[in-house]
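Below is one structure, written out as structure tokens, with a few remarks after it.
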Amino acid sequence: KKLGWALVGLGTLSKNQLAPALQKTKHSRLAAIVTGTPAKAKEWQEKYSIPDTHVYNYETFDKIAENPDVDVIFVVLPNSMHEEFVIRGAKAGKHVFCEKPMANTADECRRMIAAMKEAGKQLGIGYRCQFEPHHRECMRLAREKVFGPLKFIEAGFGFQIGDPTQWRLRKDLAGGGALMDVGVYALQACRYLTGEEPVEITAQETKTDPVKFAEVDETISWSMKFPSGVIASVMTTYAFNGANFFTAICEGGRFGMDPAYSYGGLKGWTSKPEVKIEFPAIDHFEAEMDAFSQAILEGKRFEPAGEEGLKDLLAVEAIYRSIKEGKAVKVETV
Ligand code: NAD
């Protein structure tokens, strides 16, 4: 059986990645669309044979509750709109999958988790790298101490952002800048390599273009201390290309990925010629959506769930707090 998915927000990700992935999925299919733009609805309806009864806009969205063909709602809107549509999805009695970052604040994440719990439905967060085999192998190498105990992580993800008018540069819609958008990938890597939550964070921000980045962060570098003693040194930027990696330094060797977070072309490496990190490329989106459908079909709890998004936001809030206060800060706990 294939579960029916409704995509909410037909922007770049939905158009170029999610809809094509839903043509390949084994347990998921594109059942409905939610868009504020009638022209887009028409285009998608023709391309994917979606009937009028399965097209909604942001006002009629709640009627999706009455559509038995929709099992899962996938929220693919600007970050500040995630909370509203996850909660409305919960009230419609549907399972919900939500793009990263889960929301703009930890409190928003807490309200989303509570609403889904009340609805008795699953909430999944779009952390696609957690389904990708190179990343999974790196988690195993770290957790099973294949190179000895993990000591230090260096990680970074950034790119040079274009169009100065886009929502990613507006604080009300994006919640923040590079950190919220791509910094979370490097943060996630540190969290899933260690399997721990950071306890203390020291961060600093650099701004070279105060006009373009008037509302959000441009470049941030931060260090995190983990309970086992692992230290991570991490960066994110909207100012330049080239950072897309992590390196794990262990007592008996090193391994990592570069590039690490792109949709394809990922490469793993290790300091020992006999240990290789080599896997065929997969479609990250196909993998995450089918994993969510499968968990629902089998009645199992899906991970990464809302708590995972909340833990990222707690670290993100500590990073912004450290920048503001100019000192090391403790990370709040769930
Ligand atoms: P986008 O700008 O291409 O699309 C956003 C969509 O939201 C558009 O269809 C737009 O019409 C709609 N929208 C509704 N109200 C809006 C408003 N007030 N302002 C702007 N747009 C509005 O963005 P995207 O790249 O598709 O990103 C959507 C979400 O997906 C974000 O949360 C982003 O972080 C996430 N994302 C995740 C990945 C990933 O690899 N997992 C990649 C890209 C984006």
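If the requirement is being surrounded by fewer than 21 Cβ atoms within 10 Å (Cβ to Cβ) and assigned to a strand (DSSP E or B), which of these qualifies: 196, 205?
On the way: 196 fails: assigned to a strand (DSSP E or B).
Unique residue meeting the criteria: 205.
Among the candidates 94, 100, which residue alone is more than 12 Å from the ligand (Cβ to nearest atom), modelled with pLDDT of 95 or more and in the same structural domain as residue 30 (by TED's automatic domain parsing)? It would help to see each step written out before you state the result.
On the way: 100 fails: more than 12 Å from the ligand (Cβ to nearest atom).
Answer to the selection: 94.
Need a quick list: strands (runs of 3 or more DSSP E) entirely within the stretch 221-285 having at least 1 residues that are surrounded by 22 or more Cβ atoms within 10 Å (Cβ to Cβ) and within 16 Å of the ligand (Cβ to nearest atom). Please lay out each step first, then the result.
Values: elements: 231-237, 244-250, 253-257, 268-270.
Those strands (runs of 3 or more DSSP E) span 231-237, 253-257.
Report yes if residue 73 is free of Cβ contacts under 8 Å to residues at least 40 places away in the same chain, within 16 Å of the ligand (Cβ to nearest atom) and within 30 Å of residue 216 (Cβ to Cβ), otherwise no.
no
Identify, by number, the condition in (1) within 16 Å of the ligand (Cβ to nearest atom); (2) in contact with a helix residue (DSSP H, G or I) (Cβ under 6 Å, 6 or more places away or on another chain); (3) among the aliphatic types (A, V, I, L, M); (4) closer than 22 Å to residue 288 by Cβ that residue 113 doesn't meet.
Among (1) within 16 Å of the ligand (Cβ to nearest atom); (2) in contact with a helix residue (DSSP H, G or I) (Cβ under 6 Å, 6 or more places away or on another chain); (3) among the aliphatic types (A, V, I, L, M); (4) closer than 22 Å to residue 288 by Cβ, the lone unmet condition for residue 113 is (1).
Kindly indicate the residue of the stretch 16-39 that is surrounded by fewer than 17 Cβ atoms within 10 Å (Cβ to Cβ) and near the ligand (Cβ under 9 Å from one of its atoms) and also nearest to residue 77 (Cα to Cα) among those meeting that condition. Before the answer, list the steps.
The initial filter retains those residues of the stretch 16-39 that are surrounded by fewer than 17 Cβ atoms within 10 Å (Cβ to Cβ), namely 16, 20, 23-24, 26, 36-39.
Now drop any that are not near the ligand (Cβ under 9 Å from one of its atoms), which leaves 16, 36-37.
On the way: 16: 14, 36: 11, 37: 13 Å.
So the residue we want is 36.
Conditions first: (1) within 16 Å of the ligand (Cβ to nearest atom); (2) touching a Lys or Arg at 6+ places or on another chain (Cβ under 8 Å); (3) not in a loop (DSSP other than H, G, I, E, B). Residue 64 passes all but one, so which condition is the exception?
Just one mismatch for residue 64, condition (1).
Scan the stretch 39-62 and report the pairs whose first residue is free of Cβ contacts under 8 Å to residues at least 40 places away in the same chain and aromatic (Phe, Trp, Tyr) and whose second residue is part of a loop (DSSP other than H, G, I, E, B) and within 15 Å of the ligand (Cβ to nearest atom), with Cβ atoms within less than 6 Å and a gap of 6+ or a chain change.
Final answer for the pair search is 58/36.
Between 264, 309, which is out of contact with any Ser or Thr (no Cβ under 8 Å at 6 or more places or on another chain) and outside the structural domain of residue 138 (by TED's automatic domain parsing)?
Working: 264 fails: outside the structural domain of residue 138 (by TED's automatic domain parsing).
Result: 309 is the single residue among 264, 309 that is out of contact with any Ser or Thr (no Cβ under 8 Å at 6 or more places or on another chain) and outside the structural domain of residue 138 (by TED's automatic domain parsing).
The values are calculated or read from the model by the stated rules, or taken from the named source; none is laboratory data. Every value quoted in this text rests on a predicted model; they were computed, and no experiment measured them. Note: ideal-geometry Cβ built from the backbone for every residue, glycine included; neighbour counts use all protein chains shown.
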